[in-house]
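Okay, so here's the structure we're looking at.
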Amino acid sequence: MIIVNNGDLFHEIGIKQIDLDIKCPICGRRALRMLYKSVDIPYIGAMVLSTIICIKCGFKVTDFWMVFEKGKYEDFQKVKITKSTINDLICVSAGSKIIVPEIDAEIDVITFDSQDITTIEGLLWELKKSVEIMIETAEDRAKAERILKILDSELKVPTGKLTLVIEDPNKHSAIIPHKYWVQRVEREREFTQEYLDLMGKKIIEKWKDAAIKS
């Protein structure tokens, strides 16, 4: 993997970079570089997006940190999937887990990417596609067919039979009700660029603490 160091381009598009004096968890060399950008995403809010890359072996991990207007989200969130909630937005951060207990579905979110911001309906569609792909090789085909039937039925008419659970010990993930995220925020955000940059520095400290503990 070739990393092009174009500092002028990064500066122009608002991406900041810093070399971290931390060992790469894969190759062990002190070659980690962090790229981060403070953004304000409509309907979701202010975030700091970060990517840590090893310029030697290509290891990469991406994460996002939400800047909360009032406190933090809960580390355990649960919602019944009904007609009124199926279009709720879910934002899941690295280190969190998505569970649909009724069909024994568990998704461990290792790194953050754009697919981890979706609606509950979008998540059910992804689960349905995964079952369809694996059904031919499933150890319990009857169970897989039952799960597929449930997902297909609930996507057509959500009854509340299924539950969405998000476990996030870092409290960065959220289930955002549809009525909130479809309304564009008109008022100006209270967060200054300096405050958002401070969030980037906190991500660096997080990685340094993890390196010391390891």
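The values are calculated or read from the model by the stated rules, or taken from the named source; none is laboratory data. Treat the numbers as computed from the prediction; the structure is a model and nothing was measured. A quick note on method: Cβ atoms are made from the backbone with ideal geometry, for glycine too, and the neighbour counts reach across all protein chains shown. For the accessible areas, the whole protein counts, side chains as well, though only heavy atoms, and no ligand, DNA or RNA atoms are used. Shrake-Rupley method; radii C 1.70, N 1.55, O 1.52, S 1.80 Å.
Taking segment 136-156 as the range and being modelled with pLDDT under 90 and in a helix (DSSP H, G or I) as the test, the residues that pass are Glu136, Thr137.
Being β-branched (Val, Ile, Thr) and in contact with a Pro (Cβ under 9 Å, 6 or more places away or on another chain) holds for only one residue in Val165, Val157, Val131, Val109, and it is Val165. Only one of the listed residues (Ala174, Ala142) is of a type in the set (A, V, I, L, M, F, W, C) and free of Cβ contacts under 8 Å to residues at least 12 places away in the same chain. That residue is Ala142. On inspection, Glu194 qualifies as open to solvent by 60 Å² or more (accessible area, probe 1.4 Å), at pLDDT below 90 and not β-branched (Val, Ile, Thr).
Where residues in segment 63-118 are part of a strand (DSSP E or B), open to solvent by 40 Å² or more (accessible area, probe 1.4 Å) and within 19 Å of Ile150 (Cβ to Cβ), which of them is modelled with the highest pLDDT? Among them, the one singled out is Lys80. Contact map, segment 15-33: first residue part of a strand (DSSP E or B) and modelled with pLDDT of 85 or more, second residue of a type in the set (Asp, Glu) and open to solvent by 90 Å² or more (accessible area, probe 1.4 Å), Cβ cut-off under 6 Å, separation 6 or more or different chains; pairs are Arg33/Asp19.
Hey, does segment 102-123 have a residue that's over 16 Å from the mean Cα position of the chain (by Cα) and closer than 24 Å to Lys171 by Cβ? Yes, that holds for at least one residue. Flag set for Ile203, criterion: at pLDDT below 90 and either under 29 Å from Met34 (Cβ atoms) or open to solvent by less than 60 Å² (accessible area, probe 1.4 Å) (or both).
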